[in-house]
Each structure stands twice: as structure tokens, then as C-alpha cells.
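Have a look at the structure below, then the notes.
The values are calculated or read from the model by the stated rules, or taken from the named source; none is laboratory data. Only a predicted model underlies this, so the values are computations on that prediction, with no experimental measurement involved. Methodologically, a virtual Cβ is constructed for each residue, glycine included, from the backbone with ideal geometry; neighbour enumeration extends over all protein chains shown. Remember, those area values only see protein heavy atoms, side chains included, never the ligands or the DNA or RNA. Shrake-Rupley method; radii C 1.70, N 1.55, O 1.52, S 1.80 Å.
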Amino acid sequence: MLPGETLHEWIDPTGKVCLVERPLPKTLVGKKFADLNQAGRFTVSAVTRFGAAQLASGDTVGQEGDIVHFTCAVEALDDLHRALAAEAGGHH
């Protein structure tokens, strides 16, 4: 995480589900967002592309400059951040 970066942008009142917004790692440009999803843990729900947000489907393909919006189980936040850091570093 970068200094000043928050863990999540929104969390539900029960503290179980949150929304997370992150830049798409360059290694995922050209790949389907379905590759980022982990059932029951986190899923790509939307993408901001060229300044316009849209709902994402599993078939949506990442483009350079995308901001990806995840719906995430709070207990899976660390796993999501690890998965994105591994992609950003080029490790699989």
C-alpha cells in the first residue's frame, strides 16, 4: 500500500463487506476481470475507464489506466491486496 492509501472506500454497517478502488496492475491489461475474482471473497463490480464508470462483467477486459472497483469481504482485504501486489510485481 502507498502512504495515505485507505484499505477501503466504503464499508457496510455490519463491517462484513466493503468497496475497494485500485488502479489496474499493468500485468492485467488485456486480461478478463474474471481472472481477478475469488468467489465469496472479492469480485470486480465496476471499472472507471476514461473517467466514466461502468459495471463490469467477467468478460470485461482490462485496459491501461483502468481504475477497478472491487466488492470485497472485509476478511479477504489482505488477500485482495496481496493478489494485486503480486500482479503489480509480475508474480503469479
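Details
- Sequence ranges 8-14, 59-65, ranked by mean other-Cβ count within 10 angstrom, highest first: 59-65, 8-14
- Applying both filters, DSSP loop and at most 12 other Cβ atoms within 10 Å, to the trypsin sites (Lys or Arg not before Pro) of region 1-78 gives K16.
- The chain - percent of accessible surface contributed by carbon and sulfur, probe 1.4 Å: 58 percent
- Between 0 and 90°, nearest 10: helix 77-89 axis offset from the chain longest Cα axis: 20 degrees
- Computed lengthening from R82 to F50, 0.36 nm per intervening residue step minus Cα-Cα distance: 8.9 nm
- Within a straight-line Cα-Cα reach of under 29 Å, K16 can be paired with the following lysines, leaving aside sequence neighbours fewer than 8 residues apart in one chain: K31, K32.
- Cβ-derived FRET efficiency at R0 35 Å, V29 paired with E75, nearest 0.05: 0.75
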